[in-house]
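My questions all concern the structure below.
What follows is calculated from the coordinates using simple rules that are stated; it is not laboratory data. Being a predicted model, the structure only gives us computed values, none of them experimental. Every residue, glycine among them, receives a Cβ derived from its backbone with ideal geometry; neighbour counts consider all protein chains shown.
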Amino acid sequence: WLPSPSSDTPVFVVWHETQVRSVADLAQHEIISGSTSKNSPTSFYGRLLAELFNAKIRIVYGYSGGTPEVLAAMEKGEVQGIADWSWSSLKAQRPAWIRDKKVHYLLQGALERWHQVLGLGDALAVAA
């Protein structure tokens, strides 16, 4: 859990075929996270998490189609994750991913810890 001024709850998710199941796993296994540009939230949060947790996150830029293009890249195996995707968008755009457990949730960003996503990592506890 990372504090965020957003009223929605962004989550960091990875594709189910990766070996990563938790933030701790990112110290052992690299993931490729998709992003539109170096200035986008998906890039910022990916870099922040890499620094905070010494995580092996490589960010690939250039998905000019935004989140939908990154999600398509995840399905094709081009990238394994996205570092800042709102929970409401996940539920609306890819409900089958939730139902079929196609992604693993690593962290959330919100003003308060939100328990709708079960098993979500707590960034503050990990960083301490």
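So for each of 65-78, 29-42 I average, over its residues, the number of other beta carbons within 10 Å; can you give me the resulting order with the highest mean first?
On the way: 65-78: 15.9, 29-42: 18.5.
Highest to lowest by the protection proxy: 29-42, 65-78.
If you don't mind, there's one more thing I want to ask. Tally Lys/Arg at +1 and Asp/Glu at -1 over every other residue whose Cβ is under 15 Å from the Cβ of SER37; what's the total? Intermediate values should be presented prior to the final figure.
Details: positive: LYS38, ARG47; negative: GLU69, ASP84.
Around SER37, the charge tally is 0.
Got a sec to turn the phi values of region 67-72 into Karplus ³J(HN,Hα) couplings, 6.51 cos²θ - 1.76 cosθ + 1.60 with θ = phi - 60°, whole Hz, x for Gly and Pro?
3, x, 6, 5, 5, 4
On to the next question. Amide H of TYR63 versus every other amide H placed in the peptide plane: which residues, excluding those fewer than 5 positions away on the same chain, fall under 5 Å?
It is SER35, THR36, by chain and number.
Shifting gears a bit: Between beta-carbons, use under 13 Å as the cut-off and find the net charge around GLU75, counting Lys and Arg +1, Asp and Glu -1. Could the numbers behind the result be given before it?
Numbers: positive: LYS76, ARG94, LYS102; negative: GLU17, GLU69, GLU78, ASP100.
Net of charged neighbours comes to -1.
Short version: ³J(HN,Hα) in whole Hz for each residue of region 10-20, in order, from phi by Karplus 6.51 cos²θ - 1.76 cosθ + 1.60 (θ = phi - 60°), x for Gly and Pro, what are they?
Values, residue by residue: x, 10, 9, 10, 10, 5, 4, 7, 7, 7, 7 Hz.
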